[in-house]
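The values are calculated or read from the model by the stated rules, or taken from the named source; none is laboratory data. Bear in mind the structure is a predicted one, so any value in this text is a computation, not a measurement. Methodologically, a virtual Cβ is constructed for each residue, glycine included, from the backbone with ideal geometry; neighbour enumeration extends over all protein chains shown. Just the protein is used for accessible areas: all its heavy atoms, side chains included, with ligands, DNA and RNA removed. Shrake-Rupley method; radii C 1.70, N 1.55, O 1.52, S 1.80 Å.
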Amino acid sequence: EMARAGAIAVIPDPPAVVDGRPSDMRSMNGKQLRDWYARVVVAHRRVLDWLAARGDVDMTRVAFVGHSYGGISGAILAAVEPR
């Protein structure tokens with residue numbers, strides 16, 4: 001229904017590896033967690049780049065929806081990404 005109305009939904013697949021091991025947020029130290037979130041935000045920025053390059057996306061009408069860690073990464077993205 002949303003696609004028929006013109007919406008485009010993207011589910012990025014951010015990196016799931018920290019220091020060569022599968023990420024487990026509960027066991028990360030502060031630096032590992034910061035670095036992981038930095039990679040997640042870069043992945044989200046790449047999605048914005050891809051959307052902007054499409055030509056059929058109104059970049060003034062882009063929204064981010066996230067749950068749990070996705071919500072946290074969305075807040076970080078909003079803080080550092082002017083688009």
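Listed by first and then second residue, the pairs with beta-carbon distance under 9 Å, at least 6 apart or on different chains, first residue in region 62-76 and closer than 14 Å to Asp13 by Cα, second of a type in the set (Val, Ile, Thr) and open to solvent by less than 60 Å² (accessible area, probe 1.4 Å), are Tyr69/Val40; Gly70/Val40; Ser73/Val40; Ser73/Val41.
Applying a threshold of 7 Å to beta carbon distances and a minimum spacing of six or more residues, or different chains, the list of pairs starting in region 38-52 at a residue that is in a helix (DSSP H, G or I) and ending at one that is open to solvent by less than 50 Å² (accessible area, probe 1.4 Å) and of a type in the set (D, E, K, R) reads Arg45/Glu81; Leu48/Glu81.
Please find, within region 38-83, the residue that is farthest from the chain's Cα centre (by Cα) out of those that are of a type in the set (S, T, N, Q) and open to solvent by less than 80 Å² (accessible area, probe 1.4 Å). By that ranking, first place goes to Ser68.
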